[in-house]
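The values are calculated or read from the model by the stated rules, or taken from the named source; none is laboratory data. Everything numeric in this text was worked out from a predicted model, so none of it was measured. Cβ sites come from the backbone with ideal geometry, for glycine too, and all protein chains shown count toward neighbours.
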Amino acid sequence: MTIKVGDTIPSMKLMHGTADGPKEISTDEIFKGKKVVLFSVPGAFTPTCSAKHLPGFVTNAGAFKAKGVDSVVCMAVNDAFVMGAWGKSANSGDIIMLADGSANLAKALGLELDLNGRGMGTRSQRFALVAQDGKVTHLAVEPAGQFGVSSAEEVLKHV
């Protein structure tokens, strides 16, 4: 079952790619008492993700902050080393680069994507959500192969 507006982000531990290497972080730590934008991509360093999705959030980081967003989180089903390297190469600044290495959060949200036929395993669908104190207030899931409703510019309209 896919998460929906009004639902609470599940409590679990993931990995955060930092300048000091991988660090464990819980979804409670990320979301509790905060207004958070979480966007997820099928994979780090992939064409649309690298050329459009992440750069849009990097460019608009100040606009999110101005609208009261405490954190912007980028998630992919990659390991923390890959997410850290991708964040560094994209000059992601304060965006939290979250590694959902085994797709546990994607599965818990009901937003996993089966790309086994393309040799990529289980990934996350492309989506964005806004959460206030861990409760989803906006959810935008992209139709397969598309990019638009989860873009930074569209999400800014819903924070």
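The residue that is farthest from SER26 (Cα to Cα), among those in segment 51-76 that are within 15 Å of the chain's Cα centre (by Cα) and of a type in the set (D, E, K, R), is LYS52. Taken as a whole, segment 127-139 holds no residue that is in contact with a Pro (Cβ under 8 Å, 6 or more places away or on another chain), buried (at least 21 other Cβ atoms within 10 Å of the Cβ) and in contact (Cβ under 8 Å) with a residue 60 or more places away in the chain. Of all residues in segment 1-40, those being touching a helix residue (DSSP H, G or I) at 6+ places or on another chain (Cβ under 8 Å), among the hydroxyl-bearing types (Ser, Thr, Tyr) and not in a strand (DSSP E or B) number 2. Residue pairs whose Cβ atoms lie under 9 Å apart, sitting 6 or more positions apart in sequence or on different chains, and linking a residue in segment 4-22 that is within 18 Å of GLY101 (Cα to Cα) and β-branched (Val, Ile, Thr) to a partner that is loosely packed, with under 15 Cβ neighbours inside 10 Å and at pLDDT 95 or above, are ILE9/ASP28; ILE9/LYS135. All conditions but one from (1) crowded, with 18+ Cβ neighbours inside 10 Å; (2) free of Cβ contacts under 8 Å to residues at least 40 places away in the same chain; (3) within 17 Å of LYS34 (Cα to Cα) apply to GLU142; the one that does not is (3). Would you confirm, using the coordinates I've provided, whether PHE81 is in contact (Cβ under 8 Å) with a residue 60 or more places away in the chain, aromatic (Phe, Trp, Tyr), more than 23 Å from LYS32 (Cβ to Cβ) and in contact with a Lys or Arg (Cβ under 8 Å, 6 or more places away or on another chain)? No, not satisfied. Only one of the listed residues (ASN78, ASN104) is touching a strand residue (DSSP E or B) at 6+ places or on another chain (Cβ under 8 Å), buried (at least 18 other Cβ atoms within 10 Å of the Cβ), polar (S, T, N, Q) and more than 18 Å from PHE147 (Cβ to Cβ). That residue is ASN78. Among the residues of segment 66-108, those that are aliphatic (A, V, I, L, M) and in a helix (DSSP H, G or I) comprise ALA66, ALA80, VAL82, MET83, ALA85, LEU105, ALA106, ALA108.
Does THR27 satisfy the condition of being under 13 Å from the mean Cα position of the chain (by Cα), at pLDDT 90 or above and within 16 Å of LEU139 (Cβ to Cβ)?
So THR27 fits the description; yes.
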